[in-house]
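*Asks:* Pasting in a structure now, in structure tokens, and then I'll have a few things to ask.
Rule-based calculations on the coordinates, nothing more; no lab input. Keep in mind that this is a model prediction, so the values were computed, not measured. Because the Cβ atoms are built from the backbone with ideal geometry, glycine has one as well, and the counts that use them run over all protein chains shown.
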Amino acid sequence: MSKPRIAFFDFASCEGCQLEAINFVEEFLVLLGHVDIVQFREAITEAEWDIDVSFVEGSITREQDIPRLEEIRENSKVVIALGACACTGGVNAIKNTRPLEDVRADVYGDKKDWFPTFPTRPIDQVIKVDGYIYGCPIDRNDFLKNVQLILQGKKTLRHNDPVCVECRLKENECLLTLGKPCMGPITRGGCGAIDPTFGHPCTGCRGLVDDPNENAAMDVLAENGLTVEDIKSYMTIFNAFRPEDIQ
Amino acid sequence: MRKNIDIHVHHVTRVEGHGDVLLNVKDGRVEHVALNIVEAPRFFEGMLRGRAHYEVREIVSRICGICACGHALASVRASEAALGIEPSEQVVDLRKIVLAGENLSSHFLHIFFLVAPDLFGVKSVLPLATTHRDIVVRALKLKKLGNDVSDVIVGRHVHPITMDIKGFTVLPSVSALRDVQKKIIEMLPEVVDTVDLIASVAGGIPDFERETEYISLGPVSGSTEYPFYDGVIKSSEGMTYYPAEYRKVTNEFIVPDSTAKHCKHLRDSYMVGALARFNNNSDLLHPEAKKAAEKLGMIAPVHNPYMITLAQLIETIHIMHDTVEIIDKIIRRGIKEEDYSYQPRAGTGSSAVEVPRGILFHHYTYDSKGRIEYADCVIPTTQNLENIDQDFRKLAPTILDKSEEEISLLLQMLVRAYDPCISCSTHQLNVRFK
Amino acid sequence: MPAITENSYVPLISTIKSVQDLTPTEKVFEVELPGGRQLNHDPGQFVQLLVPGIGEAPISICSSPTDNNFHLTIRRVGDVTTAIHNMKEGDKVGIRGSFGNGFPVEEMKGSDVLIIAGGIGLAPLRSVIRYILANRAEYGEFTILHGARTPSDRLFKDELSRWTDSSEVNLLETVDHPDESWSGKSGVITTLFKGLTVDPSRTYALVCGPPVMYRFVILECLGRGIPDKQILVSLERHMKCGLGKCGHCQINGVYTCQDGPVFTFNQVKNLEEAL
Amino acid sequence: MKQFIFQKSRMKELISYLISAYPSVYAPVPRGKHFVFDKIADASNVEFKYIRTILPPKKYLMPQHEALVNFTLTENLEFKEELVTDRQVILGVRPGDIRAIKLLDDVMMNRNKDRNYIARRENTVIIGIDGIPDEYSYEDSVMDLKVEEGFDLFMTDLGNMILVDVATEEGMKIINSIEHEPATERYLNLRENILNSQREMFTARIDIQAKLLPLVLEGKWNHPIWEEMGRKCLSCGQCILVCPTCYCFNVTDDMALSMEEGTRTRHWDGCQLADFTLVGHGENFRDNAAARIRHRFHRKFKYHLDVFSEIFCTGCGRCWETCPSEINLVEIANALSSEEVE
Ligand SMILES: Cc1cc2nc3c(=O)[nH]c(=O)nc-3n(C[C@H](O)[C@H](O)[C@H](O)COP(=O)(O)OP(=O)(O)OC[C@H]3O[C@@H](n4cnc5c(N)ncnc54)[C@H](O)[C@@H]3O)c2cc1C
Ligand code: SF4
Ligand code: SF4
Ligand code: SF4
């Protein structure tokens, strides 16, 4: 049986997720034994189509990205959104929270019209996506696990259990009990609660769970010293994208 | 021979981000040659406006996955300058380790994964996995070493976790520092071997020189430290500036027949990055790094941009020795819990940090509630772009006798040598052609 | 409970003896336990089917203990069910069980039996149907109401047509969305109750189908005067152990895997979470 | 049961003996402002004056992630159970946690015996310790502070002396490792006094006798308290993960990267998490937080009571302290029962 052919692509992103995806030693070599990497611009020059699994990093922010993404879809049996930018829009969607004109002007001044852009969207707003590997950046172990599931023909992990689950099971001190504003209760898990493990509140990079109780979360954050304005800002670091943005 | 050449390399591979190389030759005359940036703009400065002080570094570290720690560092330092905060000596030392880890992992990534395939005449590191498995394993191990070094302080190299304005959310344990120190010492011979290996294939490095201006951090007066974290802005033309004066150096400008913002200082263009640092500060390198430089035949000033890779390799040796010493110093002093709380206020501040690809500037203005009013980040790649184009213009006419494939490869190798970090270039304008 | 290996989490490694397509999304698998072992299950019980390396799923046994082989009908919905759909004769699977209580086939003896099966609900009920047919003399009137989404979604088409022709059972069928191939009734399953006469006090109604179906079907049964304790439903829940521990299948205070999956309407009435 | 006393200063010796005699000794140690049970290498970090640990000692009988069965997928498909048989001591277990372990024993060691649990349990020595409550504790409302079973040794801090109840031969062997003497009446009385004063320290209380809650719950299925709590609940699952009497789990079959072998692993899971009752075709049988909280409350104070005749809450206050919205069962119990009184 020939090995599955996998490829990596990127759109607007920091490419940190691709970097994390190869951030192994032994595991990477074992993985290379199971798959053929046929496209990976950041690391290899070869470029072949006819792909079994495409990992797509980055959000879609302008017209010319769409045909390229569609081409990837057409040539791949399975398309996986890799990382927050692709899954939920990530930090790139912050720009959706302000008038687009203003954001462009902030960066490019009177040359702003040279930068055609539209509201940031996750890739599943453009093409059908078969699975998600969440996080900013992705968690290496979660990536490995998911790749394995994909190769077994299984679905990627839903991660609808919030960050608190892993945090509690690791017996971290809950940051909320220490008065730090943590988004863990409504954020998708799967990261091993890495932020709280290092004493840093979860900022929601993996996206919100399917049915988040945002009102209760806002009450909780307010108890931890944030104003309503603070909370609104805080909750949009990674979760600014709303489907209405692009209607 | 009057040739017509039309090269358009769509998305140069083995670089970070999307860039195209273009070369138009008509009747044997170079009409146009440039690196065309096609990366989607991400509007970071626009995204920062109105954000609270504790959100800023969270957001800016997402500018770039490779130099996430560098951006985070430049960010907290610019915030500290603006908010009037002085980090403790312990914090500064720990931050130096974070930066060291990042420079290591990025340099190794560049040397082994992006450049080495060209030197070995293959298209990527993957075929090397069968032909030179030991090298690939070494590459992975060294790159991981860099990550481990930053991880011990900030939890994760791609988007550091614990790094805050004034301090860290948690401090590393002495035993964790010892462990990572041990790892560095264990890996040193591998790097020395790498120097030999690269010295043996260095003949494959194209022979091309163009003298330019080199800009990097320089030591603050009296310091003997090869400056990464701290220093003045230093030009090889003999000028120095304070970080707050970075705009006097960068002078972002619009190129007449292109639409890209480029930078220049005293000459047509300037270079930042490992080679600029080497040229400006090589006397401050660790003796072992100096030895490696000698072995590689590198004597400052070096004017061949393809040699950036060698300068990086020399730097890795310096960084590893230096980090071992910093860790010793921290452990000797003992790790103490400190108060990292602070009050936001209105203010303006700038920072300059040497990240893998060169000097990085962040500059913020906060309002009285500690929210960003204005933000500006000038990325090393932005500063190098004009220099790359100038190199192209000198190089292209001299290689027209080669095959299109060879020309294209040489141009791409030049781009790769600079290790441009295109997704970083928040300031990058689209380069459009007629 | 006949947990057939010593450690309840270790499955018996069994072999797929045959695979048969029923519909585009459903297949029936004949499974052979090692060493000629028999399941000795009760009709309505289920097993935990393991696809090695993929995971487990609770699957009803669709054959009768009176058959001398053991069959599972599986709809492809997710990981495990997709994986087994890709398996073939000779492949190995794991079996734990049988679990659950099954239908009270002893208690029902001498009574009339009314089976109401919607969609994949026919699979667990098939084991009772075959059991009754094998012991036909011991039961009274035997009626099956069967509903499917479309004609091509009908499971066990051969058997259904045999039952249609059989004098031993009265099979009534309907489909939600008929097509040209379908000459029978159309509409939801409750339409089959029209004109159906039962002798309520001596009738057991056995119900299994999609969650939305239960309420309506039970109302019909109650409306015809069938006593609560003679209305039996087989319920589906998320399950991980089959041993009454993992908690996923809990309906109020009871565990579907142990106390069910078959419940009388009498029990269900006191279980607010059941339907 | 026999009672002895020993000098508190001998505690170090006792701990050293345990460490020398058993492969693993677990005891409460500080973690920031909180406490956790952790493996100890010496007596230095052990803190007996803790209120509660983040996770209960259950984690040593049924770990958060526990390999149940290993399998190989090569030529021969093979499954091997993974029984842990190393001896272990859990030292410094509070009465509520001892009772919780008893309840788990009832669940795991009787009907449908769980061999993995039993293997660990039978190799575990439990040494209890008394202690005081804080504002989240309500043991006194749901159990007797004086536990009579479920331990090998139980220590009561009398000041300079420790009173120790010895319930097993192994416990006797342990206590024989240090100097001790039989406890006289005076010490036993002292213990009663201490217990009584501890009982008075509780500020959180269930207003009615907890065993009556099943009666109170009748007719309360649609009580507004469930909706009220549901609006506050984040469905983060922390409450059920920290609970010493919760034991719900998930089971996954995970392959090693080699794709040749794998492990069937049990993971802690629980009813407050939204996906707990979700099935393959998308139906979720308890799809809102109000229904989930109602289920948790019934499970603690009714369903299990019907089967095991025991309240499945020890009043340890873990769920209350950890809940971001400060949802707690005392408030719910009192809201439900206040109407009874009216
Ligand atoms: C008593 C009983 C008898 C059943 N009989 C049959 C049958 O005869 N034929 C048939 O096709 N289906 C039957 N089902 C449904 C079948 O179990 C699910 O469709 C199957 O578990 C889906 O697993 P999956 O891995 O393919 O789906 P996925 O969507 O990939 O997995 C769903 C997740 O939920 C878990 N899960 C646990 N219990 C269930 C459940 N009951 N339903 C859905 N997911 C569950 C799975 O293990 C997995 O973790 C029965 C269910 C029960 C409870
Ligand atoms: S620290 Fe954050 S993620 Fe961890 S339990 Fe508390 S709220 Fe949840
Ligand atoms: S801890 Fe609180 S918020 Fe979280 S699930 Fe439990 S009750 Fe809900
Ligand atoms: S329900 Fe809460 S108070 Fe009761 S035992 Fe569980 S965690 Fe402790």
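*Asks:* Residue-wise, which Karplus ³J(HN,Hα) couplings in Hz belong to the range C:177-183, taking 6.51 cos²θ - 1.76 cosθ + 1.60, θ = phi - 60°, and x for glycine or proline?
*Replies:* For the range C:177-183, the Karplus-derived couplings read 10, x, 10, 4, 5, 9, 10 Hz, x marking Gly and Pro.
*Asks:* Roughly what angle does helix B:133-154 make with the longest principal axis of chain B, taking Cα atoms, 0 to 90 degrees, to the nearest 10?
*Replies:* That helix lies at roughly 30 degrees to the long axis.
*Asks:* Divide by every residue of the protein assembly as shown the summed helix terms, -39500 (n - 2.57) for each DSSP H run of at least 4, and state the resulting mean residue ellipticity at 222 nm, rounded to the nearest 500 deg cm²/dmol.
*Replies:* -10000 deg cm²/dmol
*Asks:* Less than 11 Å Cβ to Cβ from D:Asn70, Lys/Arg counted +1 and Asp/Glu -1: what total charge do the surrounding residues give?
*Replies:* Working: positive: D:Lys80, D:Arg264; negative: D:Glu78, D:Glu81, D:Glu82, D:Asp253, D:Asp254, D:Glu261.
After counting each charged neighbour, the total is -4.
*Asks:* With Cβ to Cβ distances under 9 Å as the rule, what net charge do the other residues near B:Phe112 carry (K, R +1; D, E -1)?
*Replies:* +2
*Asks:* Could you tell me the center-to-center distance, by alpha carbons, between the range C:86-141 and the range D:172-188 in angstrom?
*Replies:* 63
*Asks:* Regarding the range B:1-99, what whole-number volume in Å³ per residue does the convex hull of its Cα atoms give?
*Replies:* 154
*Asks:* Quick one: grab the alpha carbon gyration tensor of chain D, order the square roots of its eigenvalues as a ≥ b ≥ c, and give me rounded if a/c is under 1.5, else prolate or oblate depending on whether a/b is larger than b/c.
*Replies:* oblate
*Asks:* Dividing the Cα convex hull volume of the range B:347-398 by residue count, how many Å³ per residue is that? Each step should come with its number before you reach the end.
*Replies:* Working: hull volume 3.7 nm³, N = 52.
Hull volume over Cα atoms, normalised by residue count, gives 72 Å³.
*Asks:* Take the Cα coordinates of the range D:72-214, assign each an equal point scatterer, and use the Debye formula without solvent to give log10 I(q)/I(0) at q = 0.11, 0.20, 0.21 Å⁻¹.
*Replies:* -0.55, -1.27, -1.33
*Asks:* Find how many whole Å separate the alpha carbon centroid of the range C:164-212 from the alpha carbon centroid of the range D:99-164.
*Replies:* Result: 57 Å between the Cα centres.
*Asks:* Taking a cut-off of 18 Å between Cα atoms, list the aspartates and glutamates near A:Lys3, but don't count ones fewer than 8 places away on the same chain.
*Replies:* A:Lys3 reaches A:Glu27, A:Asp36, A:Glu46, A:Glu48, A:Asp50, A:Asp52, D:Glu260.
*Asks:* Using 0.36 nm per residue, how much length does the chain from C:Asn40 to C:Lys17 gain when fully extended, once their Cα-Cα distance is taken away?
*Replies:* Values: separation 23, 0.36 × 23 = 8.28 nm, distance 1.83 nm.
Working it through step by step, the gained length comes to 6.4 nm.
*Asks:* Go through the range D:121-126 residue by residue and turn each phi into a ³J(HN,Hα) via Karplus (6.51, -1.76, 1.60, θ = phi - 60°); whole Hz please, and just put x for glycine and proline.
*Replies:* Computed from phi, the couplings for the range D:121-126 are 4, 5, 9, 10, 9, 10 Hz.
*Asks:* So how many Å³ per residue does the convex hull of the Cα atoms of chain B work out to? Let's see the in-between values first.
*Replies:* On the way: hull volume 56.2 nm³, N = 434.
Normalising the Cα hull of chain B by residue number yields 129 Å³.
*Asks:* Please provide three numbers in whole Å: the alpha-carbon extents of the protein assembly as shown along the principal axes, with the largest listed first.
*Replies:* 104, 92, 58
*Asks:* So, one more: Measuring from label point to label point, each 7 Å out along Cα→Cβ, what is the C:Lys269 to C:Asp91 span in nm?
*Replies:* Placing both labels 7 Å beyond Cα along the Cβ direction yields 4.6 nm.
*Asks:* With +1 assigned to the C-beta of every Lys and Arg and -1 to the C-beta of every Asp and Glu, and no other charges, what is the dipole magnitude of chain D about the Cα centre in debye, to the nearest 20?
*Replies:* The dipole of chain D has a size of about 320 debye.
*Asks:* Hey, if you put +1 on the Cβ of every Lys and Arg and -1 on every Asp and Glu Cβ in the range B:30-163, which of B:Ile153, B:Val33, B:Leu142 ends up farthest toward the positive end of that dipole?
*Replies:* B:Leu142
*Asks:* I want the local charge near C:Gly110. Using Cβ-Cβ distances under 13 Å, sum +1 for each Lys or Arg and -1 for each Asp or Glu among the other residues.
*Replies:* So the surrounding residues net to -3.
*Asks:* Continuing with the same structure: Which value, in debye to the nearest 20, describes the size of the charge dipole of chain A about its Cα centre when Lys and Arg Cβ atoms bear +1, Asp and Glu Cβ atoms bear -1, and nothing else is charged?
*Replies:* Result for chain A is approximately 260 debye, rounded to the nearest 20.
*Asks:* Further, regarding this structure: Let me know the Rg and Dmax you get for the range C:6-99 when you use only its Cα atoms, in Å.
*Replies:* Rg, Dmax (Cα atoms, Å): 12.1, 38.
*Asks:* Starting from the amide H of D:Phe35, placed 1.01 Å from N in the peptide plane, find each other amide H under 5 Å away whose residue is 5 or more places distant or on another chain.
*Replies:* For D:Phe35, whose amide H was placed from the backbone, the distant partners under 5 Å are D:Ile54.
*Asks:* Right, next: Within chain A, which whole H helices from DSSP have a Cα span along their axis of at least 15 Å and a mean Kyte-Doolittle hydropathy of 0.0 or more, if any? Let's see the in-between values first.
*Replies:* Numbers: long enough: A:140-151 (16 Å, 0.04).
The qualifying helices are A:140-151.
*Asks:* Around B:Asp20, which amide H atoms from residues at least 5 apart in sequence, or from another chain, sit under 5 Å from its own amide H, with H modelled in the peptide plane?
*Replies:* Here the answer is B:His11, B:Val12, B:Asn36, B:Ile37, B:Val38, since their amide H atoms fall under 5 Å of that of B:Asp20.
*Asks:* Taking a point 7 angstrom from the Cα of C:Val77 along the C-beta vector, which residues in the range C:254-274 have backbone N less than 18 Å away?
*Replies:* In the range C:254-274, the label zone of C:Val77 (backbone N under 18 Å from the point 7 Å along Cα→Cβ) covers C:256-258, C:260-263, C:274.
*Asks:* Suppose every Lys and Arg Cβ carries +1 and every Asp and Glu Cβ carries -1, with no other charges. What dipole size does the range D:1-138 come out with about its Cα centre, to the nearest 20 debye?
*Replies:* It comes to approximately 520 debye.
*Asks:* By how many degrees, between 0 and 90 and to the nearest 10, does the Cα long axis of helix B:308-333 differ from the longest principal axis of chain B?
*Replies:* Value to nearest ten degrees: 10.
*Asks:* Over the C-alpha atoms of chain C, what are the Rg and the largest Cα-to-Cα span, Dmax, in Å?
*Replies:* Over chain C's Cα set, Rg and Dmax evaluate to 17.9, 53 Å.
*Asks:* Say a paramagnetic label sat at a point 7 Å from the Cα of C:Val212, along Cα to Cβ; which residues of the range C:138-160 have their backbone N under 15 Å from it?
*Replies:* Those under the cut-off are C:147-150.
*Asks:* Between C:Glu107 and D:Asn110, what is the spin-label point distance in nm, taking each point 7 Å from the Cα along the Cα→C-beta axis?
*Replies:* Reported label-point gap for C:Glu107 and D:Asn110 is 2.3 nm.
*Asks:* Same structure, new question: Would you grab the residues whose amide H sits under 5 Å from the one on B:Lys26? Only those 5+ places off in sequence or on another chain, please, with H modelled 1.01 Å from N.
*Replies:* For B:Lys26, whose amide H was placed from the backbone, the distant partners under 5 Å are B:Ile5, B:Glu31.
*Asks:* Running a GNM on chain B with Cα contacts under 10 Å, which residue among B:Leu400, B:Leu360, B:Leu114 ends up with the highest mean-square fluctuation?
*Replies:* Judging by the Gaussian network model, the answer is B:Leu400.
*Asks:* Could you name the lysines in cross-link range of C:Lys17, using Cα to Cα under 20 Å and dropping any fewer than eight places away on the same chain?
*Replies:* C:Lys27, C:Lys88, C:Lys92
*Asks:* If one takes the longest principal axis of the Cα atoms in chain B, at what angle in degrees, from 0 to 90 and to the nearest 10, does the Cα axis of helix B:380-395 lie?
*Replies:* 20
*Asks:* Let me ask something else about it. Could you tell me, in Å, what Rg and Dmax come out for the Cα atoms of the range A:5-151?
*Replies:* Reported Rg and Dmax, both Å: 16.0, 52.
*Asks:* Still on this structure, please answer the following. Return the sequence-ordered ³J(HN,Hα) values of the range D:275-283 in whole Hz as given by the Karplus equation 6.51 cos²θ - 1.76 cosθ + 1.60 applied to θ = phi - 60°, using x for Gly and Pro.
*Replies:* 8, 4, 10, 7, 10, x, 8, x, 6
*Asks:* Then there's this: Evaluate the distance, in nm, between pseudo-label points positioned 7 Å from the Cα of B:Asn4 and of A:Leu178 along their respective Cα→Cβ axes.
*Replies:* 6.9
*Asks:* I would also like to ask the following. Counting pairs of Cα atoms in chain A, how many percent are more than 28 Å apart?
*Replies:* Tail of the P(r) past 28 Å holds 36 percent of the pairs.
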